[in-house]
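I have placed the structure first, in the form of structure tokens, so that the comments after it can refer back to it.
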Amino acid sequence: MLLTCIFSIFITFIVLFFFGFAIGFKGSSFIARIVFLFSFLYIISLVFSSFYSLNSIEYIQLFSFFDFFDLKVEWGFEITEFSIMMSFVVITIGTAVCFFSDDYMKEDPKFSKFIAYVSLFIFFMEFVVLSSNYILFFIGWEGVGVCSMLLINFWNTRSEAVKSSIKAFFINRIGDYGLFLCWLLMFVFFGHHYIVI
């Protein structure tokens, strides 16, 4: 069910990005509100249920990402109390942005594209907080970085927005180098199993 919420947000991105111009402001707003509200209500139910199943860990393995000699990386998610709480924070903020941006951007002709970018941002944030290994975490990390640049540069006719997105790009690259350095240290001291499991 949690995966349904996550991938419904990704489907929202696809629908609004490619067909938002045809759906219009009201249609885009309605679709996004329904999806985010559903996800928000479900994650609340997960938060309450986690209180009754303390220290429980659930692994959801979808398929094998790659298998090279003894290095095997699974495409999956890890559901714990902490990841549920972090997911709750992400979904709550995404829902708030979705609901409160309507009035602020109702005159903007690119509103559907904005909500599409927000949906993709939330989708990748869910990857970051729920990923079962650091490879999947990195995919989410890079996705969040791309989406942050798209959102910062949303009004690309403004020179300040363009400059800020360029700054964000370079700051994200510094974060990438820091992350790779941490991976290298973990590989040296703990071996590759600690990185991918």
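The values are calculated or read from the model by the stated rules, or taken from the named source; none is laboratory data. Remember, it's a predicted structure, so these values are computed and weren't measured experimentally. Positions of Cβ are generated from backbone atoms using ideal geometry, with glycine treated the same way; all protein chains shown enter the neighbour counts.
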Which condition breaks for Lys106 when tested against (1) modelled with pLDDT under 90; (2) assigned to a helix (DSSP H, G or I); (3) not aromatic (Phe, Trp, Tyr)? (2)
Looking only at the stretch 3-22, and only at residues there that are among the aliphatic types (A, V, I, L, M), under 18 Å from Trp75 (Cβ atoms) and in contact with a helix residue (DSSP H, G or I) (Cβ under 6 Å, 6 or more places away or on another chain), the one that is surrounded by the fewest Cβ atoms within 10 Å (Cβ to Cβ): Ile6
In the stretch 125-150, which residues are within 12 Å of Trp75 (Cβ to Cβ) and among the polar types (S, T, N, Q)? Ser131, Ser132, Asn133
Consider Phe10 carefully, then state whether it is under 17 Å from Val118 (Cα atoms) and in contact (Cβ under 8 Å) with a residue 24 or more places away in the chain. yes
With the condition kept exactly as written, say whether any residue in the stretch 175-196 is among the charged types (D, E, K, R) and under 30 Å from Ser28 (Cβ atoms). no
Close pairs from the stretch 75-86: first closer than 12 Å to Tyr134 by Cα, partner among the β-branched types (Val, Ile, Thr), Cβ under 7 Å, at least 6 apart: Gly76/Ile60; Phe77/Ile60; Glu78/Ile57
Go through Phe77, Phe88, Phe38, Phe48 for me and flag whichever is within 18 Å of the chain's Cα centre (by Cα), modelled with pLDDT under 90 and at negative phi. Phe77
Can you spot a residue in the stretch 172-191 that is outside any helix (DSSP H, G or I) and out of contact with any Lys or Arg (no Cβ under 9 Å at 6 or more places or on another chain)? yes
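Take Phe82 and decide whether it is buried (at least 17 other Cβ atoms within 10 Å of the Cβ) and at pLDDT 75 or above.
no
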Answer yes if at least one residue in the stretch 111-120 is part of a helix (DSSP H, G or I), in contact with a Cys (Cβ under 9 Å, 6 or more places away or on another chain), on the phi < 0 side of the Ramachandran plot and small (Gly, Ala, Ser), and no otherwise. yes
In this structure, does Ile195 turn out to be surrounded by 15 or more Cβ atoms within 10 Å (Cβ to Cβ), more than 30 Å from Glu58 (Cα to Cα) and either of a type outside the set (D, E, K, R) or at pLDDT 90 or above (or both)? no
Top-ranked residue of the stretch 135-164 - restricted to ones that are charged (D, E, K, R) and in a helix (DSSP H, G or I), ranked as surrounded by the fewest Cβ atoms within 10 Å (Cβ to Cβ): Glu160
